[in-house]
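The values are calculated or read from the model by the stated rules, or taken from the named source; none is laboratory data. In this text, all values refer to a predicted model and were calculated from it rather than measured experimentally. Every residue, glycine among them, receives a Cβ derived from its backbone with ideal geometry; neighbour counts consider all protein chains shown.
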Amino acid sequence: MRSKLRSHTIGNRSLRLDRMLTGSLWKQSFWIVCILILTWLVSYVCLSLSGANWRVFCTNHGIKPWLLPLYILIDTNALSSLYIADDPNDTIHGWLLLVSSITYLIGLLIFNGIIISVLSNYIAQRRENYQNGLSRYKVSGHYIIMGYDEMVPSVISDIFRRDKEAHVLMLSAVPSDKIREHLRKSVQREYFDRILVNYGHRAAKEYYPDIHLEEAKEVYVVGNRSMPNHDAVNVECVESICTYLKEQPQHAIRRITCVFEDLDTYASFRTSDIFSDITKDLHLEFAPYNFYVSWAKRVFIDRSYIGKKDNKLYAYPAPCRQGIGPNDTHYVHLVFVGMSNFAVTFANEAAHVLHFPNSEKARTRITFIDLHADREMPVFITRNHHFFEVQPYSYGDFTEQGDGCIKPDTSRLKFSGKDSDFLDVDFEFIKGDIYSASIQNLIYQWAKDEQQYLSLFLAMTNQRDNFAFAMNMPDAVYNNAVPVFVRQDSSDNFITLLRQADTKAPRKGEPEYRWYEKDKVQTKESHGRYAHLYPFGMNDTSFYSEETSLRRAKLINDLYNQKWAGKNWEELNVAEKWSNLYFAYGISYKLLVLRAMRGLDPDDTSHDKDPLTVAEGEALGRTEHNRWNVEKLLMGYRKPQSKEDPYGKEEAVAKQLSNNKHFFIHPQIRPYEELTEEMKQLDIEFSKYIPWIIEKSE
């Protein structure tokens with residue numbers, strides 16, 4: 001016999017009562033008024049039926065009859081007044097005494113009990129609502145952050161850096177008290193009162209009216225990067241925002257910044273117009289953001305970071321040191337220890353910008369060292385397979401089973417002859433334990449090589465490993481002032497303090513280093529071992545807005561539009577916008593090239609706006625095409641096969657084949673010498689406008 005299951009239901013009346021009693025002050029006050037009116041009616045009826053001469057009492061005391069029940073409720077002395085008769089022969093009827101006593105007790109309960117309880121409950125409830133992010137406020141012209149993780153404080157700091165009078169509203173399902181506690185440790189106190197925290201789910205539209213989404217200036221969809229479905233939920237959130245904004249008669253939002261954790265997800269937004277309706281229909285900008293890419297731009301483009309302890313701006317060294325001119329034989333060599341997301345991203349971004357006019361003599365070299373490089377290497381190559389269809393790479397096994405030799409690998413090439421190996425960036429992958437003698441010796445040899453500008457990036461997943469190796473590298477690294485970038489999870493304090501302590505200039509007349517050579521004591525001023533350690537990757541100092549680069553990218557497009565009949569910025573597809581951005585990113589290194597060619601100090605900006613000479617224009621034009629080749633291949637474009645290549649074809653056929661650019665097949669991906677004179681002049685012309693771009697973007 002089957003047992004019957006009773007369905008559980010909620011008592012609607014009880015639920016409504018509970019919601020009313022725990023609702024707003026007005027709802028609670030409404031119930032008090034209702035109880036008061038009901039009590040007055042009971043008191044009035046009982047007095048009328050009591051047979052007592054209470055109306056005479058009212059007349060003698062000048063009280064309206066309908067006021068006596070209320071008077072008994074309110075005045076705690078009313079009951080004793082009824083006992084004091086004006087005429088000694090008058091007596092108080094028992095019913096009157098009973099009714100007045102009951103009424104008095106009810107009034108005592110209401111006015112001395114319920115009202116105080118309601119008020120204290122209301123205050124406690126408002127306090128609880130505020131602490132739990134359930135309070136709602138009328139705001140406009142504010143900045144909204146949806147979701148919460150450790151990078152949010154840096155987003156807030158960036159907002160207040162750009163807008164000192166800003167108000168920030170956060171929408172998150174994380175307990176609000178935990179968010180406030182974390183912000184107290186990370187956000188300047190002067191800005192804390194301008195931050196509101198609301199509870200809610202970022203992808204749920206029903207919360208958007210509460211935060212006045214349509215009246216905000218900007219929206220940052222952050223989420224929580226530790227969650228496995230982070231990117232998918234953020235995409236859903238952006239879709240919900242778009243749907244909501246389309247339902248509004250108007251909105252004030254000018255930009256939506258969306259954080260993506262996965263590198264492949266982020267890469268897709270550089271080539272696909274997934275949210276094209278944002279820019280076209282809603283007339284606002286969509287800006288994808290990635291934590292690792294942001295730090296790569298800090299290190300290679302901005303070349304600065306903000307210290308957490310003192311909020312000061314600290315400079316990063318340029319990988320090309322003093323700059324590299326056309327006749328320079330030095331080359332940039334970046335070594336990444338570990339193939340983490342940081343290492344992979346940094347390598348990609350470095351390949352976008354580290355291009356110099358001496359590429360025929362020396363190329364930029366990017367090396368990965370990892371004990372599992374044989375497994376990680378195919379993943380990296382597959383992600384950038386169009387690059388490795390053109391350019392060979394090198395591989396070396398420095399484990400006990402390997403031969404300890406770095407050899408070129410052409411297995412991925414699809415082109416040969418002059419159509420291959422013409423890029424100015426080389427990748428190499430080394431399998432080995434960073435603590436092994438073979439890898440230590442390899443780093444030692446690189447550090448001693450005077451032809452290369454070596455930079456080491458300790459980007460292993462474990463922060464402790466990064467720090468331990470930074471403290472115990474071959475002496476040649478420290479002695480030759482090789483910049484060492486150390487990945488840290490949160491605080492930069494210790495490494496910054498180490499660097500500051502070891503960069504103190506030696507006292508006059510007391511050089512730090514002496515040696516005996518050529519029958520005499522040689523001297524050289526030298527800093528301490530850790531004078532060239534630089535932290536990177538801290539969670540709470542990661543975010544920064546690319547306002548200058550974005551302005552330059554738009555100027556570059558305006559220039560192209562005016563001279564060669566291009567499209568307005570709003571009409572560009574996302575890949576074309578990114579192409580302009582990467583040109584803007586590369587300007588800082590072109591300036592270092594110009595300063596080197598002009599014999600200037602690398603930090604001397606006094607001649608950056610001077611017109612370029614013919615030689616300078618030609619040097620930067622070649623450099624620009626080399627940069628552009630790498631940019632296109634890393635963004636997903638590919639070099640055309642011979643049957644797809646318009647070069648050398650008759651004009652009508654060439655024009656039709658050139659349309660393959662829409663399918664990410666670009667005919668200009670070729671050696672600089674193979675370009676037409678028109679295309680060479682285009683690169684030179686753009687380079688000559690760099691001083692103009694700098695002036696207009698200030």
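Name the residues in segment 342-374 that are among the polar types (S, T, N, Q), farther than 25 Å from Gly537 by Cβ and touching a helix residue (DSSP H, G or I) at 6+ places or on another chain (Cβ under 8 Å), would you?
Ser359
Determine which single condition Tyr148 fails, assuming it passes every other condition in (1) crowded, with 17+ Cβ neighbours inside 10 Å; (2) in a helix (DSSP H, G or I).
(2)
Given (1) within 30 Å of Asp374 (Cβ to Cβ); (2) acidic (Asp, Glu); (3) assigned to a loop (DSSP other than H, G, I, E, B), identify the lone condition not met by Asp273.
Evaluating Asp273 over (1) within 30 Å of Asp374 (Cβ to Cβ); (2) acidic (Asp, Glu); (3) assigned to a loop (DSSP other than H, G, I, E, B) leaves (1) as the failure.
Could you grab me the full set of residues in segment 342-368 that are over 15 Å from Val630 (Cα atoms), in a loop (DSSP other than H, G, I, E, B) and in contact with a Gly (Cβ under 9 Å, 6 or more places away or on another chain)?
Asn358, the sole residue that qualifies.
Select from segment 663-684 the residues that are of a type in the set (Phe, Trp, Tyr) and within 35 Å of the chain's Cα centre (by Cα) and list them in ascending order.
Within segment 663-684, Phe663, Phe664 meet the criteria.
How do the pairs read when you match residues in segment 458-483 that are over 16 Å from Leu498 (Cβ atoms) with residues anywhere that are of a type in the set (Asp, Glu) and outside any loop (DSSP other than H, G, I, E, B), using Cβ under 9 Å and keeping only pairs 6 or more apart or on different chains?
Listed pairs, sorted by first residue: Met460/Asp370.
Collect the residues in segment 391-427 that are surrounded by fewer than 19 Cβ atoms within 10 Å (Cβ to Cβ), in contact (Cβ under 8 Å) with a residue 12 or more places away in the chain and of a type in the set (Asp, Glu), keeping them in residue-number order.
Asp409, Asp421
Being within 30 Å of His385 (Cα to Cα) and small (Gly, Ala, Ser) is the filter here, so list the residues in segment 662-698 that pass it.
Within segment 662-698, just Ser687 meets the criteria.
Just to confirm my filter: which strands (runs of 3 or more DSSP E) fall fully inside segment 301-341 and include at least 3 residues that are closer than 28 Å to Val379 by Cβ, of a type in the set (Lys, Arg) and touching a helix residue (DSSP H, G or I) at 6+ places or on another chain (Cβ under 7 Å)?
none
Within segment 520-557, work out how many residues are of a type in the set (Gly, Ala, Ser) and assigned to a helix (DSSP H, G or I).
The total comes to 2.
Within segment 313-327, which residues are surrounded by 20 or more Cβ atoms within 10 Å (Cβ to Cβ) and either closer than 19 Å to Leu458 by Cα or touching a Lys or Arg at 6+ places or on another chain (Cβ under 8 Å) (or both)?
Step one: of segment 313-327, the residues surrounded by 20 or more Cβ atoms within 10 Å (Cβ to Cβ) are 318-320, 323-326.
Within segment 313-327, Ala318, Pro319, Cys320, Gly323 qualify.
Is at least one residue of segment 547-566 of a type in the set (S, T, N, Q), over 30 Å from Phe686 (Cα atoms) and within 25 Å of the chain's Cα centre (by Cα)?
There is no residue in segment 547-566 that is of a type in the set (S, T, N, Q), over 30 Å from Phe686 (Cα atoms) and within 25 Å of the chain's Cα centre (by Cα).
Kindly list, by first and then second residue, each pair from a residue in segment 268-290 that is free of Cβ contacts under 8 Å to residues at least 40 places away in the same chain and surrounded by 16 or more Cβ atoms within 10 Å (Cβ to Cβ) to a residue that is of a type in the set (Phe, Trp, Tyr) and assigned to a helix (DSSP H, G or I), limited to pairs with Cβ atoms under 7 Å and residues at least 6 apart or on different chains.
That search, which allows pairs on different chains as well, returns Pro288/Tyr266.
Yes/no matrix, rows are residues, columns are (1) at pLDDT below 90; (2) part of a helix (DSSP H, G or I); (3) crowded, with 19+ Cβ neighbours inside 10 Å; (4) not assigned by TED's automatic domain parsing to the domain that holds Leu442:
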| residue | (1), (2), (3), (4) |
| --- | --- |
| Met460 | no, no, yes, no |
| Val477 | no, yes, yes, no |
| Ala481 | no, no, no, no |
| Val486 | no, no, yes, no |
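Take Leu245 and tell me if it is crowded, with 18+ Cβ neighbours inside 10 Å and among the aliphatic types (A, V, I, L, M).
It is true that Leu245 is crowded, with 18+ Cβ neighbours inside 10 Å and among the aliphatic types (A, V, I, L, M).
State which residue is surrounded by the most Cβ atoms within 10 Å (Cβ to Cβ) when the search covers only segment 330-373 and only residues that are within 19 Å of Asp421 (Cα to Cα) and polar (S, T, N, Q).
Here the residue is Thr364.
What do you reckon, is Phe388 modelled with pLDDT of 95 or more, buried (at least 19 other Cβ atoms within 10 Å of the Cβ) and not in a loop (DSSP other than H, G, I, E, B)?
Criteria met by Phe388.
Counting only residues that are without any contact (Cβ under 8 Å) to a residue 40 or more places away in the chain and among the small types (Gly, Ala, Ser), which one in segment 167-203 is surrounded by the fewest Cβ atoms within 10 Å (Cβ to Cβ)?
Looking at the filtered set, the residue picked out is Ala173.
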